[in-house]
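This report refers to the structure that appears directly beneath it.
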Amino acid sequence: MRADRDVDVVVIGGGQAGLSTAWALARQGFDPGSGFVVLDADDAPGGAWQHRWPSLTLATTHRVHDLPGLPFEQPEATTPAVASVPAYFAEYERHFDLPVHRPVRVRAVHRAAGDRFRVETDAGDWTARAIVNATGTWTRPFVPRYPGQELFRGRQLHTVDYRDPAEFAGRHVVVVGGGASATQLLGEISTVASTTWVTRRPPVWREGPFDEDVGREVVAKVEAAVREGRSPGSVVGLTGLLVSTPYIREGRARGVFARLPMFDRLTEDGVAWDSGDGDEGRFQPADAILWATGFRAAVQHLAPLRLRAPGGGIRMDGTQVAGEPRVHLVGYGPSASTIGANRAGQAAARALRRLLRDQGERPRTA
């Protein structure tokens, strides 16, 4: 087996979490290439950012935090994030000469002989003493099941499929979801189409960004969930809050964000309410339904390791899987944010350095 196929650490995923972990592993003395590699399923640098809709700009997205060691030179606020952030990630890989292999799609991770893992990919196998999973959520869009979905004759799409509001011009679109993506896309689409907004719970608007106290509260709730093996929730789901930006306030002034409760079923040409507080018998004709209903963690390739807890999630102790110090998840649960992924990547690298040293096998250095 070639040296670069048998390494100390395989990092799965080349987005913010994977790159910050790679930088930290190099800082901890792991040799890029023979000590660790990054396997990225995409054709080019940029992680999920390269797949976002073109109208998403730096002014309308959540803050893009610097990757460690190289500042993000912020372009104009109107610059599409789909261009500026992937360019930054590409420069980061070049600047630190990170060993990113792409496109490499990981199919499964198995336990192998001795203390190693076998990482099965469409480009051959790697073996490693430890795994850092940094695959995020973008590749696992979630669409809830409702009666009649197979009957609806219009278009159904998820956030990942959205590109431009012009494709909905003159039509009626039902937008489902109570998060930041739902409100942004609803605002855009409503400038060219009629819209209906439905959510499970009434929105609670917050003026200004989340402060540190709110951030700590959310992280604490997610940490509690993953410690118990439950699936981590979303920020909106845990706080019940939506940030009211100038963009949102303009939409609210136009009446765009007049919310209805979730419908009960879909029909051939719309959505219907059979129950509710005064909504019984309501019907809304629709040409399209946009499911802005979030994502699930992309960890299906780890299934052979049997990491899931009875609660449906993966029980965590910091960045490591509880009881399995050689498997770390970065960008999962409380680290599922740009700044959180940076910190978690460094924590995972430090833990793996200690682990390999304690087991009598020092990381390979240049």
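Laboratory data are not the source of any read-out in this text; all were calculated from the coordinates shown. It should be emphasised that the depicted structure is a prediction, and the values quoted were computed from it without experimental measurement. So basically every Cβ, Gly included, is an ideal-geometry build from the backbone, and we count neighbours across all protein chains shown.
Which shape class applies to region 1-44: rounded if a/c is under 1.5, otherwise prolate when a/b exceeds b/c and oblate if not, where a ≥ b ≥ c are the square roots of the Cα gyration tensor eigenvalues? Kindly include the intermediate steps, with their values, before the conclusion.
Working: a/c = 2.67, a/b = 1.18, b/c = 2.26.
Verdict is oblate for region 1-44.
Eigenvalues of the Cα gyration tensor times 5, then square-rooted: what semi-axes does that give for region 1-151, in whole angstrom, largest first?
Values: eigenvalues 170, 108, 25 Å².
Working from the Cα gyration tensor, I get semi-axes of 29, 23, 11 Å.
Viscosity 0.692 mPa s, temperature 37 °C: give me the Stokes-Einstein translational D for region 105-205 in µm²/s, with Rh taken as the Kirkwood radius over C-alpha pairs. The partial results should precede the final answer.
Values: Rh = 17.3 Å.
Stokes-Einstein gives a translational diffusion coefficient of 189 µm²/s.
According to the square roots a ≥ b ≥ c of the eigenvalues of the Cα gyration tensor, what is the shape class of region 141-192, taking rounded for a/c under 1.5, prolate for a/b larger than b/c otherwise, and oblate for the remainder? Display every interim value, and only then the final one.
Values: a/c = 1.98, a/b = 1.29, b/c = 1.54.
Taking the square roots of the gyration eigenvalues as a ≥ b ≥ c, region 141-192 is oblate.
Each label point is 7 Å from the Cα along the Cα-to-Cβ direction; what then is the distance between the points at residue 118 and residue 43, in nm?
Between residue 118 and residue 43, the simple spin-label model gives 3.1 nm.
If exposed chymotrypsin sites (Phe, Trp or Tyr not before Pro) are those in a DSSP loop with at most 16 other Cβ within 10 Å, what is the longest stretch of the chain that has none?
Within the chain, the longest run free of exposed chymotrypsin sites (Phe, Trp or Tyr not before Pro) spans 211-366.
Rounded to a whole number of µm²/s, how large is the Stokes-Einstein D of region 67-141 at 20 °C and 1.002 mPa s, given Rh as the Kirkwood radius over C-alpha pairs?
On the way: Rh = 15.3 Å.
For the chosen part, D equals 140 µm²/s.
Report the Rg/Rh value for the chain, based on alpha-carbon coordinates and the Kirkwood definition of Rh. If you can, show how the numbers build up before the last one.
On the way: Rg = 22.0 Å, Rh = 21.9 Å.
Ratio of gyration radius to Kirkwood radius for the chain: 1.00.
Would you work out the relative contact order for region 230-331, in percent, from Cα pairs under 8 angstrom that are 6 or more residues apart?
Values: 75 pairs, mean separation 20.1, N = 102.
That works out to 20 percent.
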